[in-house]
Amino acid sequence: MPEKCPVCGFRYEIELGFYWGAMYMSYGLSVVIVFLVGITLYFLANDPPTWVYLTTVATVVILFTPLLFRYARVMMLYFFGSVSFDPKYKQS
Ligand SMILES: [Zn+2]
């Protein structure tokens with residue numbers, strides 16, 4: 001993550017340890033993925049054995065980790081960092 005926004009110069013680290021809260025956001029997003037994958041497996045794979053649930057959920061969560069990491073930080077900025085999207089700075 002860059003220290004400052006390359007477009008507007010906004011300093012991302014609002015205060016020391018600001019992104020600790022992103023861990024909880026990431027955890028929440030992971031739980032949502034676990035439930036979605038679990039429910040999907042239950043209905044589409046007709047309730048497979050437990051090892052199928054465990055390996056599939058673990059694989060999907062691991063694959064989504066880079067995305068979760070970034071979105072958790074974005075959510076942290078939007079919810080607690082008083083940051084909002086300004087279309088004026090949107091790059092096409
Ligand atoms: Zn910016």
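The values are calculated or read from the model by the stated rules, or taken from the named source; none is laboratory data. No experiment lies behind these values; they were computed from the predicted model shown. Cβ: placed from backbone, ideal geometry, glycine included. Neighbour counts: every protein chain shown. Quick note on the areas: whole protein, heavy atoms, side chains included, nothing else; ligands and nucleic acids left out. Shrake-Rupley method; radii C 1.70, N 1.55, O 1.52, S 1.80 Å.
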Flag if S82 is under 19 Å from the mean Cα position of the chain (by Cα) and on the phi > 0 side of the Ramachandran plot: yes
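Yes/no per residue for (1) away from the ligand (no atom under 16 Å from the Cβ); (2) of a type outside the set (K, R); (3) within 30 Å of K88 (Cα to Cα):
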| site | (1), (2), (3) |
| --- | --- |
| C5 | no, yes, yes |
| G21 | yes, yes, yes |
| T59 | yes, yes, no |
| I62 | yes, yes, no |
Candidates R11, R73, filtered to the one that is within 26 Å of D86 (Cα to Cα) and open to solvent by 70 Å² or more (accessible area, probe 1.4 Å): R11
Scan of the stretch 41-54 for residues that are open to solvent by 70 Å² or more (accessible area, probe 1.4 Å) and part of a helix (DSSP H, G or I), ordered by number: Y42, F43, L44, T50, W51, L54
Given (1) in contact (Cβ under 8 Å) with a residue 40 or more places away in the chain; (2) farther than 16 Å from Y12 by Cβ; (3) open to solvent by less than 100 Å² (accessible area, probe 1.4 Å); (4) part of a loop (DSSP other than H, G, I, E, B), number of the condition Q91 does not satisfy: (3)
